[in-house]
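Data block below; observations after.
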Amino acid sequence: MCACVLGYDRSVLTDEAPTRDREALLVEFLAGIDEDAVARRYREDDGLIVLPSLLPAALVDEMAAEARALAPTAYRKRVPFVRKAAAVHHHPIAALAPAMHALHQSPSLIAFFSRVTGVSLAHRDPGEAHASALYVYDEEGDWMDWHFDECGCPPGDSFSTVIGLIDDSSSRLEVETRREPASAPTRAASIHTTPGTFVFFCGARGYHRVTPLGAGEVRMTFAFTYIREGRSPGGIYDARLRLGNALIYFGLGHLFRR
């Protein structure tokens, strides 16, 4: 039987189950993090956390290998004045990238950030194309313009993560907080998403972009969003989510797909 999911051939990935327990690795690694210091940084930097090494090296290496295998299947999209890059949506990641999916679903990681933020967090609907995504920048000039991550929820109810997997580029993830009101102090960061870099921010406050990729460079990141427990996309927010998935990221086939 051919193991394929939505047109993705499982043969492009190594299908051997790892001998180590990924969640046990995360639990052990997170136990060594100064959680109080991270929570303090979250408050002081207006909901922006940049951690150079939040994850075990073995897990990062495994996810980078998955990224390289999935990259040729990424859907490439160019939207003038908005974005030029490629992306792999959640469904093939869940089926074919067990290390990425394990991180996304990790009980210890979501509990860690629930404590750090003081907000009870939950995962997005697994039927959403953007529940998690692999972003592939591998052509000169690939970029993403300034935007917020509403993720189909009202402002303040979504929390974004960006994990560096492969980055030998001059491209940077730039984040600014408190753009409004104009009188409020702004926290700005220019981040080189080297393997293992973990960026976390409130999507409604973290105005962010990806600067253009140089010639011969490659940059790949894995990203997903937590939402406030009990909230889900609805009304105009859900319509905007579907439209964004279709027009900016994954193609018109995702306009009505769940």
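The values are calculated or read from the model by the stated rules, or taken from the named source; none is laboratory data. Remember, predicted model here, so these are calculated numbers, not experimental data. Here the Cβ is made from the backbone with ideal geometry for all residues, glycine too, and neighbour counts use every protein chain on show.
Within the range 185-233, the residues that satisfy the criterion of being of a type in the set (Phe, Trp, Tyr) and within 21 Å of His90 (Cα to Cα) are Phe198, Phe200, Phe201, Phe222, Phe224, Tyr226.
Contact map, the range 202-227: residues that are free of Cβ contacts under 8 Å to residues at least 24 places away in the same chain paired with residues that are crowded, with 22+ Cβ neighbours inside 10 Å and among the basic types (Lys, Arg), Cβ distance under 9 Å, separation 6+ or inter-chain. No pairs are found.
Residues that are farther than 26 Å from Arg41 by Cα and more than 15 Å from the chain's Cα centre (by Cα), at least 3 per element: which strands (runs of 3 or more DSSP E) completely within the range 57-159 meet that? Fully inside the range 57-159 and qualifying: 75-79. A Cβ distance below 8 Å, combined with a sequence gap of six or more or placement on separate chains, defines the contacts here; from the range 50-72, residues that are free of Cβ contacts under 8 Å to residues at least 40 places away in the same chain reach residues that are part of a helix (DSSP H, G or I) and not acidic (Asp, Glu) in the pairs Pro56/Leu25; Pro56/Leu26; Pro56/Phe29; Ala58/Leu25. Checked against (1) in a loop (DSSP other than H, G, I, E, B); (2) at pLDDT 85 or above; (3) surrounded by fewer than 18 Cβ atoms within 10 Å (Cβ to Cβ), Arg209 meets all criteria but (1).
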